[in-house]
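The values are calculated or read from the model by the stated rules, or taken from the named source; none is laboratory data. Note that the structure is a prediction, hence the values are computed from the model and not measured. When we count neighbours, we look across all protein chains shown, and the Cβ atoms used for this are built from the backbone with ideal geometry, even at glycine.
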Amino acid sequence: MRDRILAAGERITPQRDLIAGVLETAPRPLSASGLYEAVARLDPRIGRATVFRTVAALERAGIVEQLSLPGERSGYLLCATVGHHHHLVCQRCGKVSDLPEETVGPFFATIESDHGFSVDHASFSVYGTCAGCSARLV
Ligand SMILES: [Zn+2]
Ligand SMILES: [Zn+2]
């Protein structure tokens with residue numbers, strides 16, 4: 001985690017280290033208050049404002065992402081994938097998986113060839129039911 005922070009040209013502070021670690025190990029994206037509660041359990045000295053300021057700095061640095069989740073919520077997540085990618089969001093359990101750029105690359109190529117539209121940037125989430133939840137439904 002420290003190398004990700006350094007690679008983004010950011011300073012490592014104990015708060016950044018702790019908050020990035022919490023997000024890295026969380027099984028699901030955390031809301032702002034969920035993140036604060038998880039941090040407070042590890043280090044009660046870190047205040048709410050510090051948590052919010054730190055996660056905002058990590059988001060600006062491209063280390064943490066904020067994703068809109070089912071139910072008009074949003075959550076912070078720290079992905080294993082470094083660099084630009086997309087997400088699969090399970091609407092049942094809230095699990096988020098990375099969808100690599102290679103998977104969606106052909107889709108963008110189709111947009112460019114069919115519409116003559118040159119894609120500069122796209123970021124999207126696909127909502128549905130994950131394999132684990134699907135297996136439990138049968
Ligand atoms: Zn991701
Ligand atoms: Zn699921």
_Please determine whether any residue of segment 107-119 is closer than 27 Å to Met1 by Cβ, of a type in the set (A, V, I, L, M) and surrounded by fewer than 17 Cβ atoms within 10 Å (Cβ to Cβ)._
no
- Flag for Pro44 being on the phi < 0 side of the Ramachandran plot, within 15 Å of ligand 2 (Cβ to nearest atom) and exposed (fewer than 14 other Cβ atoms within 10 Å of the Cβ): no
Among (1) in contact with a helix residue (DSSP H, G or I) (Cβ under 9 Å, 6 or more places away or on another chain); (2) within 16 Å of ligand 2 (Cβ to nearest atom), Gly83 falls short only on (2)
If you go through Arg92, Arg60, the only one that is surrounded by fewer than 16 Cβ atoms within 10 Å (Cβ to Cβ), closer than 23 Å to Asp3 by Cβ and away from ligand 1 (no atom under 12 Å from the Cβ) is Arg60
Taking first residues from segment 111-138 that are touching a residue at least 12 places away in the same chain (Cβ under 8 Å) and second residues anywhere that are of a type in the set (D, E, K, R), the pairs with Cβ under 7 Å that are 6 or more apart or on different chains are Thr129/Arg92; Cys130/Lys95; Cys133/Arg92
Among helices (runs of 4 or more DSSP H) completely within segment 32-138, the ones holding 1 or more residues that are charged (D, E, K, R) and assigned by TED's automatic domain parsing to the domain that holds Gln15 are 32-42, 48-60
